[in-house]
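Reading through the structure tokens given below for one structure.
The values are calculated or read from the model by the stated rules, or taken from the named source; none is laboratory data. Please read these numbers as outputs of a predicted model, since none were measured by experiment. Every residue, glycine among them, receives a Cβ derived from its backbone with ideal geometry; neighbour counts consider all protein chains shown.
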Amino acid sequence: MKARWWAACAAVVALLAAGHAQAADKIKIGVLKLVSSGPIFIAQEKGYFAAEGLDAELVYFEAAQPISVAAVSGDIDVGITGLTAGFYNLAGKGALKIVAAQSREEKGYHLNAYLASPAAYEAGLKSFKDFRGKSVAITQTGSTFHYSLGLLAEKYKFPLSENRLVALQSLPNMVSALKGNQVEALVIPATIAVPMIERGEAKLLGWVGDETPWQLGASFATPKTIAERRTLVTRYVSAYRKAAKDFYEAFLQMGPDGNPKNGPEAGALLAILSKFTGQTAENIRPGIPFVDPEARLLVDDIYHQVEWYQSQGLVDKAVEAKAIVDLSFVSGHFNVPK
């Protein structure tokens, strides 16, 4: 009798365990294998998504725009990447909404660098005051690199139209163009910039974050996903914020010398970033971007991005920034326009 009773109990426990395992909601997250996606990798590796009842699948892409397209088509549930003109055109049609921040350019943090070729440097391109009219390599028109240059032009009061922007589609092509003196300058991630500078292949003009802080990346979903699966998005953002806090405490707190210092978990988290990006820890560390520990957005910059891309004829004039930002998932966003 007792044997049958214990067997019945064991069966009930097994059923409950199976039911619990099946309760996890599947979520597909579109992401690039970049350090700016670090909190996603940390949340996956440390079980933060699982703790929120999410069975997270990371879907990898080679560029930012396909992530936006995949979210709209339903191939992924949420995406996280850099904000581009292509994203804003999709979002402006009611297809996407920003729900949380990703990386941003911030003073003191070295995400992207402005480099000059040694030949251009010797010819007089030694500072941003000399930038006017120069040829500059970018990946694509409407890219995050393009917007960084737009901000630089605004700050130093030169018309960007006088520069020759060369869209070369990939980072290796940009490097080759600078080394071959086909362009005089470029803006490129620190993981590439620092080795080039050390090898004498380029001269550092400055860092984007030091010159023009801005909201480079964000996490987004379709309005349909937000409306029909709001708890899924809420749990995703919660897990992401836990990981963003880990990321901040490990890499982004400033030391007495005014530079970011390593926290106690830096070694362990570098190993996670290395695993997911395929880069060595030594290559990753110099280019770790700023990520707000609460995933808060620089909302006024989102508005400015839309306006700037519209001024360049890259985003439809009908797009309204306010309509593409959902501020309800994270509290305390910065500089929210009235």
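Worth pointing out:
- Some residue of the range 112-123 being more than 25 Å from residue 302 (Cβ to Cβ), among the hydroxyl-bearing types (Ser, Thr, Tyr) and not assigned by TED's automatic domain parsing to the domain that holds residue 234: yes
- Index of the failed condition, residue 263 passing every other in (1) part of a helix (DSSP H, G or I); (2) surrounded by fewer than 23 Cβ atoms within 10 Å (Cβ to Cβ): (1)
- Residue 282 vs. criteria farther than 21 Å from residue 237 by Cα, assigned by TED's automatic domain parsing to the domain that holds residue 243, surrounded by fewer than 19 Cβ atoms within 10 Å (Cβ to Cβ) and acidic (Asp, Glu): yes
- Evaluation of residue 178 against (1) of a type in the set (A, V, I, L, M, F, W, C); (2) in a helix (DSSP H, G or I); (3) within 23 Å of the chain's Cα centre (by Cα) (one fails), failing number: (3)
- Test: residue 245 is assigned to a helix (DSSP H, G or I) and either farther than 16 Å from residue 78 by Cβ or not assigned by TED's automatic domain parsing to the domain that holds residue 198 (or both): yes
- A residue that is within 14 Å of residue 46 (Cβ to Cβ) and out of contact with any strand residue (DSSP E or B) (no Cβ under 7 Å at 6 or more places or on another chain) occurs nowhere in the range 278-296.
- All of (1) surrounded by 18 or more Cβ atoms within 10 Å (Cβ to Cβ); (2) in contact with a Lys or Arg (Cβ under 8 Å, 6 or more places away or on another chain) hold for residue 296 with one exception: (2).
Conditions tested, residue by residue: (1) closer than 23 Å to residue 83 by Cβ; (2) out of contact with any strand residue (DSSP E or B) (no Cβ under 9 Å at 6 or more places or on another chain); (3) assigned to a helix (DSSP H, G or I); (4) of a type in the set (Val, Ile, Thr).
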position	(1), (2), (3), (4)
26	no, no, no, no
29	yes, no, no, yes
37	yes, no, yes, no
40	yes, no, yes, yes
44	yes, no, yes, no
57	no, no, no, no
65	yes, no, yes, no
71	yes, no, yes, no
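- Among the criteria (1) modelled with pLDDT of 95 or more; (2) part of a helix (DSSP H, G or I), the one residue 137 does not fulfil is (2).
- Within the range 218-240, being surrounded by fewer than 22 Cβ atoms within 10 Å (Cβ to Cβ) and touching a Pro at 6+ places or on another chain (Cβ under 8 Å) holds for no residue.
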